[in-house]
Amino acid sequence: MGAEMDGATRNRGVCAKQDPGAQQKMMENDSNKCDNVPERVTLKKEIGLLSACAIIIGNIIGSGIFISPKGVLEHSGSVGLALIVWVLGGGVSALGSLCYAELGVTIPKSGGDYSYVTEIFGGLMGFLLLWSAVLIMYPTTLAVIALTFSNYVLQPAFPYCVPPYVATRVLSTACVLLLTWVNCSSVRWGTRIQDIFTVGKLLALGLIIVVGLVQICKGHYEALRPQAAFEFSKPASVGQVALAFLQASFAFSGWNFLNYVTEEVVDPRRNLPRAIYISIPLVTLVYALTNIAYFSSMTPQELLASNAVAVTFGEKLLGIFSTIMPISVALSTFGGINGYLFTSSRLCFSGAREGHLPSLLAMIHLKHCTPIPALMLCCTATIIILCIGETHNLINYVSFINYLSYGVTIAGLLYYRWKKPTLHRPIRVNLLVPISYLLFWAFLLGFSLNSEPVVCGIGLVIMLTGVPVYFLGVYWKDKPKWIYRVVESVTYMGQKVCFVVFPQIDPLDGTPPQQQTDKLQS
C-alpha cells in the first residue's frame with residue numbers, strides 16, 4: 001500500500017525542510033520554532049568513551065545494590081553464599097558483555113538485543129523481545145528505581161514507618177516526568193546528567209565501602225568470619241540459590257544498555273568494547289565491597305528487617321551525618337532513572353524504524369533531534385506500572401524476562417557464526433565464552449521455573465501474548481483502508497503536537513544504511 005503517513009512521499013532519507021507535503025506545512029505553521037533547526041535532522045553522535053562508561057555504570061548502579069542485598073541474602077540463606085552470588089553475578093555479566101561486544105560491532109545498529117535477534121532470527125523473535133521489553137521489562141525496572149528513589153527521599157520524614165503509598169507514587173511520577181522533559185529537550189543534557197550522577201553514585205558507594213573497611217579494621221567483622229558466614233538460617237537448595245542469582249541479576253541489569261544507543265556512540269567499533277571492559281569489572285568490585293561493608297556493621301537479621309539498607313547502615317555508623325546516606329541513594333537512583341529513560345526510548349525508536357511499532361515512534365524532534373514520541377511512551381508506561389505490583393515480585397518478573405532475552409541473544413551469536421562464517425567481525429570472542437554463559441543461563445532458568453513456576457509462567461505468558469499482536473499488527477499487510485486512515489491521522493496529529501519528522505540517513509556514515517520501514521508500508 002502506498003499510504004502517505006505525512007502527506008508527502010514516505011522517504012525517510014529526505015529532510016523535513018525539503019518535503020513538499022505535510023512536513024512543509026508544519027514548518028510554515030510553526031515558523032517561529034524553525035529559527036534554529038539544524039541542517040541535518042538525525043540522531044547525533046555525542047557519546048564518547050567517558051559518557052559510554054557512564055551509561056553502563058549509571059544503568060547498572062541504580063536501585064539494585066540498595067534493595068537486592070535483602071533478596072539475595074533471603075534466598076541464599078547465609079552471608080558467605082550471598083557474597084559468592086554477588087561475585088559470580090558480576091562474572092556472568094562479564095561473560096555476557098563480551099558476547100554483546102562482538103554483536104555490537106558486527107551488527108552496528110541501535111536497539112541492543114532486539115536488533116540482533118531481529119537480524120539473526122527474523123521479525124517474530126525480535127518482536128517478542130520488543131513486546132516484552134516495552135510492555136513490562138523496562139517500564140517495570142524504571143518504576144522500581146523510581147519507587148526506590150521516593151522511598152529514600154521520604155525515609156527521613158518517616159523514620160519509624162513505611163512512607164505513605166500516595167506520597168511515594170506522586171514523587172516517583174514527578175521524577176520520571178522531569179527526566180523525560182530533560183531527555184526530550186537535549187541529548188547532551190541527558191548524557192551530562194548521566195555523567196554527573198554516575199560520579200555521585202560511585203562516591204556514595206565509596207563512602208559506604210570506606211566506612212565498612214574502617215569497621216573491619218576495628219575488628220567488627222563477626223558476620224564475615226567463616227564459621228558465621230556459612231551458618232545457614234534455613235536449609236539451602238539449588239532452587240533458592242537460583243532465585244538469589246535472579247535478585248543479584250537485577251542489580252547487574254543494564255550491562256548491555258550501551259548497545260541500545262550504538263548509533264549515537266562516537267567510533268562504536270572502538271569505544272563500545274572499551275567501555276564494557278572498563279565498566280563491568282569496576283561495578284563487580286564496587287558491589288562486592290559494598291556488601292562486605294554492609295555486613296561489617298549489620299547482622300543478617302538487621303539487614304533482612306531493613307526496608308532501606310543503606311539508610312540503616314548510615315544510622316548505625318554516621319551519627320548526625322546519617323542523612324547523607326538517603327540523599328546519596330536518592331541521587332544514585334535519580335541517575336539510574338535518567339539512564340533507563342535514555343536507553344529504553346532508543347529501543348522503541350529502533351522498533352518503530354523496523355516496522356514493529358507505530359511509525360510515529362521512529363521520529364525525532366526537528367530542532368532538538370531527540371525521539372520525543374518514544375520518550376513519552378516510556379514515561380507513560382512507567383507511570384502506569386508505578387500504580388501496580390510489589391517491588392520484589394516485580395524484580396522477579398523482570399529478572400526472568402531479562403535472562404530469557406539475554407540467552408536468546410547469545411544463542412543467536414553462535415547461530416550467526418554458523419550462518420555467516422565469513423562475515424567480518426572486529427571482535428571475535430572465544431567460543432567458550434558464549435557456551436559458558438548459556439550453560440549458566442539454562443541452569444538458572446531451569447531451577448527458577450521449578451522454584452517459582454507462577455512468576456516465571458507469567459513472564460512467559462506476557463512474552464507470548466506478542467504472537468497474535470505480531471501477526472495482526474505487523475505480518476498482516478492487507479488491512480482495511482479505514483485502519484490506515486486512522487493511523488495516518490493519529491501520526492500526522494502526533495507530528496504536529498511533538499514537532500517531529502523522520503530522521504535523515506547520514507551519507508558520511510560508513511555503515512550500510514538501515515532500511516527504515518513501518519508496519520503501514522506494503
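The values are calculated or read from the model by the stated rules, or taken from the named source; none is laboratory data. Owing to the predicted nature of the structure, the values given are computational and were not obtained by experimental measurement. Methodologically, a virtual Cβ is constructed for each residue, glycine included, from the backbone with ideal geometry; neighbour enumeration extends over all protein chains shown. Only protein heavy atoms, including side chains, enter the accessible area calculation; ligands, DNA and RNA are left aside. Shrake-Rupley method; radii C 1.70, N 1.55, O 1.52, S 1.80 Å.
Being touching a helix residue (DSSP H, G or I) at 6+ places or on another chain (Cβ under 7 Å), open to solvent by less than 10 Å² (accessible area, probe 1.4 Å) and in a helix (DSSP H, G or I) is the requirement here; does Val153 meet it?
On the way: touching a helix residue (DSSP H, G or I) at 6+ places or on another chain (Cβ under 7 Å): yes; open to solvent by less than 10 Å² (accessible area, probe 1.4 Å): no; in a helix (DSSP H, G or I): yes.
Answer is no for this residue.
Yes or no: region 204-218 includes at least one residue that is open to solvent by less than 60 Å² (accessible area, probe 1.4 Å), in contact with a Phe, Trp or Tyr (Cβ under 6 Å, 6 or more places away or on another chain), within 20 Å of Ile65 (Cα to Cα) and assigned to a helix (DSSP H, G or I).
Taking region 204-218 as the starting set, the residues that turn out to be open to solvent by less than 60 Å² (accessible area, probe 1.4 Å) are 204-209, 211-212, 215-216.
Among the residues that remain, those that are also in contact with a Phe, Trp or Tyr (Cβ under 6 Å, 6 or more places away or on another chain) are: none.
No, region 204-218 contains no residue that is open to solvent by less than 60 Å² (accessible area, probe 1.4 Å), in contact with a Phe, Trp or Tyr (Cβ under 6 Å, 6 or more places away or on another chain), within 20 Å of Ile65 (Cα to Cα) and assigned to a helix (DSSP H, G or I).
Here is a check on your reading of the model: is Gly254 under 25 Å from Phe313 (Cβ atoms), open to solvent by 20 Å² or more (accessible area, probe 1.4 Å) and at pLDDT below 80?
Numbers: under 25 Å from Phe313 (Cβ atoms): yes; open to solvent by 20 Å² or more (accessible area, probe 1.4 Å): no; at pLDDT below 80: yes.
Criteria not met by Gly254.
Would you mention how many residues in region 373-401 are surrounded by fewer than 21 Cβ atoms within 10 Å (Cβ to Cβ), polar (S, T, N, Q) and at pLDDT 85 or above?
Within region 373-401, residues that are surrounded by fewer than 21 Cβ atoms within 10 Å (Cβ to Cβ), polar (S, T, N, Q) and at pLDDT 85 or above number 1.
I want to confirm something. Restricting to region 219-230 and keeping residues that are among the small types (Gly, Ala, Ser), in contact (Cβ under 8 Å) with a residue 40 or more places away in the chain and more than 19 Å from Glu315 (Cβ to Cβ), which single residue is least open to solvent (accessible area, probe 1.4 Å)? Spell out how you get there, then give the answer.
Taking region 219-230 and keeping what is among the small types (Gly, Ala, Ser), we get 219, 223, 228-229.
Pick out the ones that are also in contact (Cβ under 8 Å) with a residue 40 or more places away in the chain and you get 223, 228-229.
Narrowing the set further to residues that are more than 19 Å from Glu315 (Cβ to Cβ) leaves 228-229.
Working: Ala228: 41, Ala229: 7 Å².
Here the answer is Ala229.
In contact with a Lys or Arg (Cβ under 7 Å, 6 or more places away or on another chain) and either touching a residue at least 24 places away in the same chain (Cβ under 8 Å) or in a helix (DSSP H, G or I) (or both): is that true of Leu243 in this structure? Lay out the reasoning, then the answer.
Values: in contact with a Lys or Arg (Cβ under 7 Å, 6 or more places away or on another chain): no; either touching a residue at least 24 places away in the same chain (Cβ under 8 Å) or in a helix (DSSP H, G or I) (or both): yes.
So Leu243 fails the test.
Please enumerate the residues belonging to region 465-481 that are within 33 Å of the chain's Cα centre (by Cα) and open to solvent by less than 100 Å² (accessible area, probe 1.4 Å). So that I can check it myself, show each step before the final result.
Let us first name the residues in region 465-481 that are within 33 Å of the chain's Cα centre (by Cα), namely 465-477.
Answer for region 465-481, where residues must be within 33 Å of the chain's Cα centre (by Cα) and open to solvent by less than 100 Å² (accessible area, probe 1.4 Å): Thr465, Gly466, Val467, Pro468, Val469, Tyr470, Phe471, Gly473, Val474, Lys477.
Can you say whether Phe66 is at negative phi, at pLDDT 90 or above and crowded, with 24+ Cβ neighbours inside 10 Å, as far as the supplied structure shows? Give the derivation first.
Numbers: at negative phi: yes; at pLDDT 90 or above: no; crowded, with 24+ Cβ neighbours inside 10 Å: yes.
Answer is no for this residue.
Would you mind telling me which numbered condition in (1) assigned to a helix (DSSP H, G or I); (2) farther than 21 Å from Val455 by Cα; (3) out of contact with any Gly (no Cβ under 8 Å at 6 or more places or on another chain) Tyr100 fails?
That leaves (3) as the condition not met.
What tally of residues in region 103-125 results from selecting those that are in a helix (DSSP H, G or I) and either within 17 Å of the chain's Cα centre (by Cα) or among the β-branched types (Val, Ile, Thr) (or both)? First the steps, then the outcome.
Initially, region 103-125 is screened for residues in a helix (DSSP H, G or I), giving 103-106, 113-121, 123-125.
This time we only want the ones that are either within 17 Å of the chain's Cα centre (by Cα) or among the β-branched types (Val, Ile, Thr) (or both), so: 104-106, 113-118, 120.
Residues flagged as in a helix (DSSP H, G or I) and either within 17 Å of the chain's Cα centre (by Cα) or among the β-branched types (Val, Ile, Thr) (or both) within region 103-125 amount to 10.
Are any residues in region 310-326 free of Cβ contacts under 8 Å to residues at least 40 places away in the same chain and within 12 Å of Pro156 (Cβ to Cβ), and if so, which ones?
Here is the first cut: in region 310-326, the residues free of Cβ contacts under 8 Å to residues at least 40 places away in the same chain are 312, 314-316, 319-322.
Answer for region 310-326, where residues must be free of Cβ contacts under 8 Å to residues at least 40 places away in the same chain and within 12 Å of Pro156 (Cβ to Cβ): Gly314, Glu315, Ser322.
I'd like to check something: does region 265-273 contain any residue that is open to solvent by less than 10 Å² (accessible area, probe 1.4 Å), within 20 Å of Thr198 (Cβ to Cβ) and outside any helix (DSSP H, G or I)?
yes
List every residue pair whose Cβ atoms sit under 9 Å apart, with the two residues 6 or more apart in sequence or on different chains, where the first one lies in region 284-309 and is among the acidic types (Asp, Glu) and the second, anywhere, is surrounded by fewer than 20 Cβ atoms within 10 Å (Cβ to Cβ) and assigned to a helix (DSSP H, G or I).
What qualifies is Glu302/Lys316.
Which pairs have Cβ atoms under 9 Å, sit 6 or more apart or on different chains, and link a residue in region 442-453 that is in contact (Cβ under 8 Å) with a residue 24 or more places away in the chain to one that is open to solvent by 40 Å² or more (accessible area, probe 1.4 Å) and part of a loop (DSSP other than H, G, I, E, B)?
So the pair list comes out as Phe447/Ser237; Ser451/Ser237.
A quick yes/no check of all residues on (1) within 24 Å of the chain's Cα centre (by Cα); (2) at pLDDT below 85; (3) of a type outside the set (Val, Ile, Thr):
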site	(1), (2), (3)
Asn450	no, yes, yes
Leu460	yes, yes, yes
Met463	yes, yes, yes
Ile483	no, no, no
Val487	no, no, no
Phe499	no, no, yes
Pro512	no, yes, yes
Ser522	no, yes, yes
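Considering only residues of region 402-442 that are open to solvent by 60 Å² or more (accessible area, probe 1.4 Å) and of a type in the set (Ser, Thr, Tyr), which is modelled with the lowest pLDDT?
It comes out as Thr422.
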